[in-house]
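Participant: Could you have a look at this structure, given as structure tokens, before my questions?
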Amino acid sequence: MGTTIPSLQKYDLQSFHGLDRLESLDGDFIIFETNGDTEFNHLVDFPTRPNVVILNLCTNGTCDISINLKRCSIEKNTLTIIAPDNILQNHGMSEDYRSYTIALSNNFYEGIFSRQTDVVPLLLYFNEHRNYKLSDEETQTLL
């Protein structure tokens, strides 16, 4: 049969260029504000495999996402960490959803660690433990 199976879209830090409210450091470290009107949300409307480490701090509202096809809800004061090559999809967010997102290139986060053997256990840990509920004080400290 002539049926083709679509491949997952991949993106890296170059995919973020041109987004509103974007701050970048040499193309290896990007931070931006995410809300209901941010173009980033459309990058993950369909299952996508980011080739970056994503740290997302929700400061208001809720967001329904899937990470590796497991649905979860992100709410205020939740820090979410997504390792590279996880499958990410946005299923929707409340109108009052706000967060700050940091995306790190592979070169950036690997450069933090002196050996590859140092980073692998950390990324494996984040594959199992993605969401961290913080207090208001902890959220303000991270901001």
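Participant: Between residues in the stretch 54-71 that are closer than 23 Å to Glu138 by Cα and touching a residue at least 12 places away in the same chain (Cβ under 8 Å) and residues that are open to solvent by 10 Å² or more (accessible area, probe 1.4 Å) and outside any strand (DSSP E or B), which pairs lie under 6 Å by C-beta distance while being six or more apart or on different chains?
Facilitator: Between residues of the stretch 54-71 that are closer than 23 Å to Glu138 by Cα and touching a residue at least 12 places away in the same chain (Cβ under 8 Å) and residues that are open to solvent by 10 Å² or more (accessible area, probe 1.4 Å) and outside any strand (DSSP E or B), the close pairs are Leu57/Leu142; Cys58/Lys76; Asn60/Lys76; Asn60/Asp96; Gly61/Ser94; Gly61/Asp96; Thr62/Ser94.
Participant: Still on this structure: Name, by its number, the condition in (1) modelled with pLDDT of 85 or more; (2) in a loop (DSSP other than H, G, I, E, B); (3) crowded, with 16+ Cβ neighbours inside 10 Å that does not hold for Leu57.
Facilitator: Evaluating Leu57 over (1) modelled with pLDDT of 85 or more; (2) in a loop (DSSP other than H, G, I, E, B); (3) crowded, with 16+ Cβ neighbours inside 10 Å leaves (2) as the failure.
Participant: Determine the pairs where a residue that is farther than 19 Å from Ala83 by Cβ and of a type outside the set (D, E, K, R), located within the stretch 114-143, has a partner that is modelled with pLDDT of 70 or more and assigned to a loop (DSSP other than H, G, I, E, B) with Cβ atoms under 6 Å apart, the partner being 6 or more residues away or on another chain.
Facilitator: Filtered contacts from the stretch 114-143: Leu134/Asn77; Thr139/Asn77.
Participant: Another question, if that's okay. Out of the residues in the stretch 78-104 meeting the condition of being among the hydrophobic types (A, V, I, L, M, F, W, C) and under 21 Å from Phe46 (Cβ atoms), tell me which one is most open to solvent (accessible area, probe 1.4 Å).
Facilitator: Restricting attention to the stretch 78-104, the residues satisfying the condition of being among the hydrophobic types (A, V, I, L, M, F, W, C) are 79, 81-83, 87-88, 93, 102-104.
Imposing the further condition that a residue be under 21 Å from Phe46 (Cβ atoms) reduces the set to 82-83, 87-88, 93, 103.
Details: Ile82: 8, Ala83: 4, Ile87: 30, Leu88: 9, Met93: 52, Ala103: 0 Å².
Result: Met93.
Participant: Then there's this: Restricting attention to the stretch 113-143, which residues are at pLDDT 70 or above, in a helix (DSSP H, G or I) and open to solvent by less than 70 Å² (accessible area, probe 1.4 Å)?
Facilitator: Once the filter is applied, which keeps residues that are at pLDDT 70 or above, in a helix (DSSP H, G or I) and open to solvent by less than 70 Å² (accessible area, probe 1.4 Å), the stretch 113-143 yields only Thr139.
Here's the yes/no breakdown for (1) within 14 Å of the chain's Cα centre (by Cα); (2) open to solvent by less than 20 Å² (accessible area, probe 1.4 Å); (3) at pLDDT below 60; (4) not hydrophobic (A, V, I, L, M, F, W, C):
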| position | (1), (2), (3), (4) |
| --- | --- |
| Asn41 | yes, yes, yes, yes |
| Val44 | yes, yes, no, no |
| Thr48 | yes, yes, no, yes |
| Asn51 | yes, no, no, yes |
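The values are calculated or read from the model by the stated rules, or taken from the named source; none is laboratory data. Note that this is a predicted model, so its numbers are computed, not measured. Glycine also receives a Cβ, built like all others from the backbone with ideal geometry; neighbour counts cover every protein chain displayed. Areas reflect the complete protein model, heavy atoms only, side chains present, ligands, DNA and RNA absent. Shrake-Rupley method; radii C 1.70, N 1.55, O 1.52, S 1.80 Å.
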